[in-house]
Every structure is written in structure tokens, then in C-alpha cells.
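Asker: One structure is given below, represented as C-alpha cells, and several questions about it will come after.
The values are calculated or read from the model by the stated rules, or taken from the named source; none is laboratory data. Quick caveat, the model's predicted, so the values are computed rather than measured. All Cβ positions, even for glycine, are placed from backbone atoms using ideal geometry, and neighbour counts span all protein chains on display.
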Amino acid sequence: MRSIPHVSVVAVVAAALMVSACSSTEPLPSSMYDGHDAVSYEELPPALQSTNVDLLYVTDRTPETDEEGNLHYGIGRSQSLAYGSVVVKLDEDMTWDDLIAWTRGNASGDDAPVPQLVSKTELGRFPATPFPVQLDDGGNVVRKPEVEAEHVRVVDAAIEELRRRLVLSERNVVWVSVHGVQTSFEDGARVISLIWHQRGRWGVPIYYSWPAGGKGFISGYSYDRESGEFTIFHLKQLLRALGNVPEIERVNLFAHSRGSDVLLSALRELMIEARAAGRSPRVKFNFGDLVLVAPDLDLEVATQRLLAEGIGQGVEHTTVYVSEDDWAIGLARSMFSSKRRIGEMNPEDLTKEQKELFEKVSNVDIIFYRGTSGGTFGHSYYETPEVLSDIVMLGQGRKAGSQHGRPLEPVGPHLWIIRDGYVP
């Protein structure tokens with residue numbers, strides 16, 4: 001693993017640790033459209049056969065309006081959580097047939113779609129947190145009844161909107177996506193819309209956007225880290241509400257970069273909450289796949305979060321994609337003087353004891369990306385056809401290994417390598 005000195009180049013870390021809306025997502029391998037579990041756009045309901053993607057979003061960014069009265073979400077931190085619809089056109093010059101031809105690698109030329117936001121509509125807003133409280137007749141601290149009633153009303157309305165989308169999708173699976181730092185609301189929506197399209201448009205995607213995008217390099221990254229801490233309560237609100245929707249068969253969780261720390265922190269607290277109530281976190285919240293890509297986390301911290309805190313026991317399966325050539329994570333390591341960040345580790349970083357532990361843990365896979373893509377800083381490799389197609393396969397319930405249709409290269413118990421040209 002190459003060494004990155006702690007010099008002034010660290011100042012670009014904030015620009016590097018981001019979901020890059022400018023990176024070029026490539027079509028998935030043609031093999032993805034053959035076989036029993038193939039991605040099939042022809043079987044989608046007519047309403048989903050469109051170059052537009054209607055994302056359900058949840059955000060605690062502060063709402064803003066421009067001179068024309070259009071809604072925007074900036075980097076300010078809102079005390080109240082909102083949900084709504086953001087419509088993204090994947091490419092204004094493509095027809096549906098053109099888009100599918102590109103998706104399947106059959107289009108002339110190699111230009112990827114250029115997603116653009118068409119509209120955003122806030123459908124509801126929860127009461128601000130912390131919720132106002134009062135003393136009841138017994139002297140107990142309780143939420144004010146009128147605030148609690150409003151909270152219940154908004155939750156019920158949001159769940160009805162989700163149910164409408166579940167019926168439309170014909171798959172009772174929800175995908176919650178959490179972006180990284182230095183990501184605007186618009187950039188995150190564009191990237192997640194295109195990725196959801198390439199995954200076959202199945203299930204209901206929920207775009208969770210927290211107040212990232214602080215100005216400046218070091219100061220911007222610092223602002224975003226604290227915004228990540230700020231948003232945890234609100235993310236728990238969302239995940240807790242999803243756990244109370246009986247129609248949902250599974251809640252899959254996806255996070256990139258610093259979003260991994262945000263998501264893991266929320267999961268940790270929810271699991272402590274469930275266990276304290278004598279409940280199984282997996283049963284209470286119905287978490288399925290937990291997918292972390294290029295996680296910007298100290299390896300020692302991640303070990304405590306994932307293993308010591310037992311987060312892996314609260315989800316059906318955890319998959320972590322890492323790359324030793326991720327310069328952005330290497331810069332973060334330099335900034336925080338980490339021994340190693342989980343997002344840049346390689347198999348040799350694991351101790352004998354850790355490898356022995358992986359032999360006993362059946363629901364965790366670490367996948368080491370050894371390709372040449374991933375943008376300027378090697379941080380956006382989740383958009384490559386190799387990694388994205390593997391995520392599609394695991395989302396269909398396939399275990400790692402050639403015998404399951406995911407021919408990853410094994411390097412140890414639940415440790416795998418994915419290279420350029422990987423075709424499931």
C-alpha cells in the first residue's frame with residue numbers, strides 16, 4: 001500500500017470525499033440481461049418505463065427558495081425532517097428505447113446519460129426536534145400532546161406515500177441510500193437515480209440527504225463531519241418508521257464514503273434501543289442488506305462498530321467494498337493520523353485473529369476492488385459496471401462465489417477480490 005505523506009495535499013480531501021455526479025457510469029455487462037434473475041425492463045409497470053425517475057427523498061437540509069419561488073435545499077441544518085418527491089430526467093435527449101439500449105451496452109457511442117433535476121416537491125415536514133415536552137399528572141416528562149399528534153399525522157402520511165410506491169414497484173423492498181460529504185442535494189439525487197435505474201428499477205429507493213457540502217476544503221470537511229453527527233437522530237426517525245410498515249419485506253441500506261459513518265452510527269443506536277426493549281433488532285427493523293462502499297472510517301473504529309457492537313447481528317448481510325488505491329480515503333487517513341481506514345485496506349491488513357473471526361461470521365463479506373476505474377481519486381468505483389453489477393446480484397439474494405452466480409476471487413473466509421472485466 002503506497003504511503004501518502006501528511007503535506008498540504010491533504011487540503012483537497014474534502015473535494016475528494018464525495019459522490020461524483022460528473023463521473024461516467026458505464027452500462028452493466030450484457031450477461032445481466034440473461035438468465036432467471038436477469039434485469040428485465042420489459043416487465044416493469046408502464047409508469048416506470050420512463051426516462052424520468054421519481055425519487056422519494058428524506059432530508060434535514062434547510063429549505064430555501066430562489067427569487068422565482070423555486071424550492072432548494074442547501075447546506076444548512078434543519079431541526080425538522082422533511083420528505084418529498086424529486087424527479088430526475090436521466091437524459092433529455094434520450095427516449096426510453098435509447099436509454100435501455102445504452103443500459104444494455106447496445107447503443108451507438110459510449111456517452112452516458114446526463115441526469116438533470118426536473119422538479120422537487122416537499123410533501124410533508126415533521127415537527128422540529130428536540131420535541132417540546134411537559135410534565136404529566138404523574139410528574140413524568142412527556143412530549144406535548146399536540147406535537148405528538150402532528151408527528152403521528154406526518155408519519156402516517158409519509159407511510160401512505162411509501163405504500164403507493166410499493167404497489168407501483170410490485171416489489172416490497174426499500175433501498176435507503178446515504179451519500180458522503182461535499183455532496184449537494186442535486187448531485188446525490190442524480191447519481192442515485194441513475195444507479196437505481198441500472199439496478200433494474202425494482203423496489204422503492206429512498207434518497208436520504210443530510211446537510212453536506214460545506215464550503216472550503218478543510219473547513220468544509222469539518223462542517224460535513226459535524227453535520228453527519230447532527231443528522232443521526234433524523235436518520236433514526238426514518239429507519240424507525242420503516243420498521244413499522246408491515247408491507248415492507250426488507251429494508252436494504254446503502255452508504256458511500258462518510259455516509260457509512262452516519263449510517264452505522266444510526267444503526268448502532270437503534271440496535272441498542274431494540275435490545276434494551278428486549279427485541280431482536282433484525283426482527284424489529286427488518287434490515288436486509290447493508291452495503292458500504294469506500295467507507296471513510298478508521299479501521300479500529302469500524303471493528304468496534306461492526307463487531308464489538310454487534311451491528312452485523314442486526315442485519316441480514318453486510319457487504320463492504322474497499323480499494324487500496326482509493327486516494328481520497330488515504331488523504332483522510334493522513335488528516336486524522338489513522339493507522340488504516342477501512343475503505344483503503346487490503347487482505348494483508350487483517351490480523352490472524354480477525355481472519356479467524358471471519359471464518360465464524362457467516363453474514364459479512366469484504367470485497368477488495370482491484371480495478372483501474374473510480375474517478376480521479378479512485379473513490380467512485382461503486383459506479384463501475386463490475387461493482388454495480390455485483391451489487392445487483394447481491395440485491396437479488398445471491399451469495400458471493402461462482403457457485404452462486406457471483407464469481408468473485410476468494411482470498412480468505414468471506415474475503416474476495418473483484419477486478420476489471422468481472423462479469424457475474
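Asker: Pick out the one residue from VAL141, VAL147, VAL133, VAL114 that is of a type in the set (Val, Ile, Thr) and under 25 Å from the mean Cα position of the chain (by Cα).
Answerer: Only one candidate passes the filter, namely VAL114.
Asker: Quick check on ALA101: is it crowded, with 17+ Cβ neighbours inside 10 Å, out of contact with any Gly (no Cβ under 6 Å at 6 or more places or on another chain) and among the small types (Gly, Ala, Ser)?
Answerer: No; evaluated as a whole, the condition is false for this residue.
Asker: In the range 179-209, which residues are touching a strand residue (DSSP E or B) at 6+ places or on another chain (Cβ under 9 Å), of a type outside the set (Phe, Trp, Tyr) and over 24 Å from SER227 (Cβ atoms)?
Answerer: LEU194, HIS197, ARG199, ARG201, GLY203, VAL204
Asker: With ILE232, ILE195 as the choices, which residue is under 20 Å from PHE287 (Cα atoms) and buried (at least 16 other Cβ atoms within 10 Å of the Cβ)?
Answerer: The unique qualifying residue is ILE232.
Asker: I would also like to ask the following. If you take the residues in the range 354-381 that are in a helix (DSSP H, G or I) and modelled with pLDDT under 80, which one is surrounded by the fewest Cβ atoms within 10 Å (Cβ to Cβ)?
Answerer: Only one residue fits best here, namely LYS360.
Asker: Take the conditions more than 19 Å from ARG333 (Cα to Cα), of a type outside the set (Ser, Thr, Tyr), at pLDDT below 95 and crowded, with 20+ Cβ neighbours inside 10 Å and apply them to PRO246. Does it pass?
Answerer: Answer is no for this residue.
Asker: I've got another one for you. Does ARG201 fit the bill of being of a type in the set (Lys, Arg) and assigned to a loop (DSSP other than H, G, I, E, B)?
Answerer: yes
Asker: Taking the range 337-353 as the region of interest, how many residues are surrounded by fewer than 14 Cβ atoms within 10 Å (Cβ to Cβ) and either modelled with pLDDT of 75 or more or not charged (D, E, K, R) (or both)?
Answerer: Final tally of qualifying residues: 5.
Asker: Where the second residue is assigned to a loop (DSSP other than H, G, I, E, B) and the first is of a type in the set (D, E, K, R) and lies in the range 180-202, which pairs have Cβ atoms under 6 Å and are six or more apart or on separate chains?
Answerer: Close Cβ pairs satisfying both conditions: ASP187/ALA21; ARG190/ALA21; ARG190/PRO115; ARG201/LEU44.
Asker: Also, I was wondering about something else. Report, by residue number, each residue of the range 117-139 that is touching a residue at least 60 places away in the same chain (Cβ under 8 Å) and within 30 Å of GLU92 (Cβ to Cβ).
Answerer: Listed by number, the residues that qualify are LEU117, VAL118, LYS120.
Asker: So, ALA101, is that one among the aliphatic types (A, V, I, L, M) and more than 27 Å from PRO29 (Cβ to Cβ) or not?
Answerer: no
Asker: Across the range 279-301, which residue is modelled with the lowest pLDDT among those that are crowded, with 23+ Cβ neighbours inside 10 Å and over 25 Å from ASN244 (Cα atoms)?
Answerer: Among them, the one singled out is LEU297.
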